[in-house]
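Take a look at the structure set out below.
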Amino acid sequence: MRRFIPTTLTLLLGASLSLASATATTTVSTVDAFAPAPHGHVDVPVRDPFVLASFNVLGYAHTPPGSGYQDGETRMRRALEALRSYSVDVVGFQEFEPRQKAVFLDEVNNTWGVFSGSDITRDSIAWNKREFEFVSGETIMIPYFYGKLKPMPVVLLRSQTTGQKMYFANFHLPASSRRRGDMEGARDRGTAMQIELAHRLRNQGVPVFITGDMNEREEYFCAMTRNGDMHAANGGSNTGGECRPPRLPNRTRIDWIMGSKGAEFSGYVADESMQSSKISDHPLIVARVH
């Protein structure tokens, strides 16, 4: 029933299943969303495989005329073609600005849901309604540039096939740069908040997935996997006090897909053609979840 993910970096633009269409999900339910289960962590396997992606689509405002990139609306349409080629079921978007979101919703025409949780966020989670239905959504305030708190989305979705519930959270941590300075402290706080969130959500006894542009490599991986709650789609290990981040061919990157115990990954792809073709300045990260 589930679909094939290519294991090369080449887009399969003729894939059979289209994203088709979507509408924004505006209802926010918080009923028991983060309440702990009475018996602590339960490592739950995913009963129906699906395709999960993370993609920093490069915000509309970052590519004005003369930037060397096409406008954000055109790039969003091309990004959608890439998602279609991998038959993605759930995606965490970063830098998903209002004009890009409008293009996405127009193109997918109500067969997809999108949760941002706030009008000021540029991070969203989108899902194919044929595969998942919305249960509840929240935002978590994460430190961004200069420690300013920014809302980032967390959703609880239910499989249309099995009825299994799963949590998805999507984040964008700030990059250090000459212009903005050292954002290490904000990233450290944001990572610690993700770890705490994953710990609490696992108490629900459902799988937990985190996607995002974390602007860190080894440090982020080692922190997220240290207590065994989460593991990365592109491999690596962290046991016995020895952290070994993913290496070639699935080398450590700043874009991540993480999953809780009981959820396994295969077919990991970091499609760097997104960068060479100027669709974004980040690869599209894709993996099949089991």
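All but one of (1) in a loop (DSSP other than H, G, I, E, B); (2) on the phi < 0 side of the Ramachandran plot; (3) in contact (Cβ under 8 Å) with a residue 12 or more places away in the chain hold for G205; state the number of the condition that does not hold.
(2)
Only one of these conditions is not met by S280: (1) closer than 19 Å to E218 by Cα; (2) within 16 Å of the chain's Cα centre (by Cα); (3) outside any strand (DSSP E or B); (4) not β-branched (V, I, T). Which number is it?
(1)
So, of the residues in the range 97-126 that are of a type in the set (D, E) and not in a strand (DSSP E or B), which turns out to be modelled with the lowest pLDDT?
D119
When you look at V286, is it in contact with a Gly (Cβ under 8 Å, 6 or more places away or on another chain) and either among the β-branched types (V, I, T) or surrounded by fewer than 15 Cβ atoms within 10 Å (Cβ to Cβ) (or both), yes or no?
Answer is yes for this residue.
Looking only at the range 115-123, decide whether some residue is under 20 Å from T74 (Cβ atoms) and in contact with an Asp or Glu (Cβ under 9 Å, 6 or more places away or on another chain).
For the range 115-123, residues under 20 Å from T74 (Cβ atoms) and in contact with an Asp or Glu (Cβ under 9 Å, 6 or more places away or on another chain): present.
Across the range 127-175, what is the total count of residues that are hydroxyl-bearing (S, T, Y) and outside any strand (DSSP E or B)?
Counting residues in the range 127-175 that are hydroxyl-bearing (S, T, Y) and outside any strand (DSSP E or B) gives 4.
Give the range 149-171 a look and list any residue that's more than 16 Å from S136 (Cα to Cα) and either buried (at least 24 other Cβ atoms within 10 Å of the Cβ) or among the polar types (S, T, N, Q) (or both), or say none.
Listed by number, the residues that qualify are T161, T162, F171.
Could you please let me know if A126 is touching a Phe, Trp or Tyr at 6+ places or on another chain (Cβ under 9 Å) and of a type in the set (A, V, I, L, M, F, W, C)?
Against the criterion (touching a Phe, Trp or Tyr at 6+ places or on another chain (Cβ under 9 Å) and of a type in the set (A, V, I, L, M, F, W, C)), A126 qualifies.
I'd like to verify a number: residues in the range 64-76 that are out of contact with any helix residue (DSSP H, G or I) (no Cβ under 6 Å at 6 or more places or on another chain), free of Cβ contacts under 8 Å to residues at least 60 places away in the same chain and either surrounded by 19 or more Cβ atoms within 10 Å (Cβ to Cβ) or at negative phi (or both), how many?
Adding up the residues that qualify gives 5.
Quick check on the range 134-148. Is at least one of its residues surrounded by fewer than 15 Cβ atoms within 10 Å (Cβ to Cβ) and modelled with pLDDT of 95 or more?
Scanning the range 134-148 turns up at least one residue that is surrounded by fewer than 15 Cβ atoms within 10 Å (Cβ to Cβ) and modelled with pLDDT of 95 or more.
Just to verify a result, which residue in the range 225-274, among those that are among the β-branched types (V, I, T) and touching a Leu at 6+ places or on another chain (Cβ under 8 Å), is nearest to L173 (Cα to Cα)?
Applying the filter and picking the extreme gives I257.
What pairs can you find where one residue is in the range 174-197 and under 15 Å from R226 (Cα atoms), the other is polar (S, T, N, Q), and their Cβ atoms are less than 9 Å apart, with a gap of 6+ or different chains?
Cβ pairs passing all conditions: I195/N227.
Residue by residue through the range 224-235, note down the ones that are modelled with pLDDT of 95 or more and either crowded, with 18+ Cβ neighbours inside 10 Å or among the β-branched types (V, I, T) (or both).
Result: M224, T225, M230, H231, A232, A233, N234.
Kindly list, by first and then second residue, each pair from a residue in the range 241-260 that is closer than 16 Å to S54 by Cβ to a residue that is modelled with pLDDT under 95 and β-branched (V, I, T), limited to pairs with Cβ atoms under 7 Å and residues at least 6 apart or on different chains.
Partner pairs satisfying both residue conditions: P246/T252.
Name every residue in the range 203-223 that is at pLDDT below 95 and not polar (S, T, N, Q), in order of residue number.
Of everything in the range 203-223, those that are at pLDDT below 95 and not polar (S, T, N, Q) turn out to be G205, V206.
The values are calculated or read from the model by the stated rules, or taken from the named source; none is laboratory data. No experiment lies behind these values; they were computed from the predicted model shown. Reconstructed Cβ throughout: ideal geometry from the backbone, glycine too, with neighbour counts over all protein chains shown.
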